[in-house]
1. With respect to Lys81, is the statement that it is more than 17 Å from Pro139 (Cα to Cα), touching a residue at least 24 places away in the same chain (Cβ under 8 Å) and basic (Lys, Arg) true?
2. Only one residue in Val56, Val47 is at negative phi and touching a residue at least 24 places away in the same chain (Cβ under 8 Å), so which one is that?
3. Can we say Ala131 is part of a helix (DSSP H, G or I) and closer than 19 Å to Met1 by Cβ?
4. For Thr121, which of the numbered conditions (1) modelled with pLDDT of 95 or more; (2) more than 20 Å from Arg16 (Cβ to Cβ) fails to hold?
5. Given the conditions (1) within 22 Å of Leu67 (Cβ to Cβ); (2) modelled with pLDDT under 95; (3) not hydroxyl-bearing (Ser, Thr, Tyr), report the number of the one that Gly136 does not fulfil.
6. Go through region 109-128 residue by residue and tally those that are outside any loop (DSSP other than H, G, I, E, B) and out of contact with any helix residue (DSSP H, G or I) (no Cβ under 6 Å at 6 or more places or on another chain).
7. Can Leu144 be described as closer than 14 Å to Leu21 by Cβ, out of contact with any Asp or Glu (no Cβ under 8 Å at 6 or more places or on another chain) and not hydroxyl-bearing (Ser, Thr, Tyr)?
8. Please report, ordered by residue number, the helices (runs of 4 or more DSSP H) entirely within region 1-104 with at least 3 residues that are surrounded by fewer than 18 Cβ atoms within 10 Å (Cβ to Cβ) and modelled with pLDDT of 95 or more.
Amino acid sequence: MHRYLYRGVNPELYKRTNGQLLPKAVGEPFKKATYFGGDWYFGDGSVLGESERNAVVQHQRDSNKNLTSGISTTPIFDNAKRYATHNGTYSSGYIYKIDTELLQVHGVSHYAVAEHATMPTIPGDEEIILAAKDFGSLPAGIVLEVLEI
């Protein structure tokens with residue numbers, strides 16, 4: 001795994017979360033169910049039933065539709081910058097620099113999308129999804145700095 005991960009957020013989200021890295025589904029275990037007739041695709045990496053693997057696949061596909069307690073990150077700074085500004089929609093944004101060597105100490109699980117989804121939605125992000133042990137905000141102790149760009 002890369003030593004550093006980055007999370008880009010726009011100024012509105014930064015203000016709304018008071019600078020915390022909050023997931024969209026606070027308090028829910030990082031698991032999702034896949035069942036026949038549900039929203040999954042043959043060969044996408046999903047497995048029947050409830051699992052972390054399904055949460056990864058669904059989260060990376062559309063985290064606005066598939067709410068989880070995970071938070072997307074990337075080891076690529078320029079990609080985080082693009083997310084922070086929404087491709088230039090915002091003139092500024094914030095980038096969190098996360099030290100992966102501090103994840104285990106703080107009880108944060110990490111999931112490499114490429115290891116779970118057979119065809120990642122955005123392969124160029126090399127997305128890593130992080131989830132806190134209490135399924136809430138990521139601990140401030142893993143964040144080395146927050147850069148305003």
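The values are calculated or read from the model by the stated rules, or taken from the named source; none is laboratory data. This structure is a prediction, so every number in the text was calculated from the model and none was measured. Backbone-built Cβ (ideal geometry, glycine too); neighbour counts: all protein chains shown.
1. yes
2. Answer to the check: Val56.
3. Criteria not met by Ala131.
4. Thr121 satisfies every listed condition except (1).
5. Of everything listed in (1) within 22 Å of Leu67 (Cβ to Cβ); (2) modelled with pLDDT under 95; (3) not hydroxyl-bearing (Ser, Thr, Tyr), Gly136 misses just condition (2).
6. 8
7. no
8. Ranges flagged: 11-16, 77-85.
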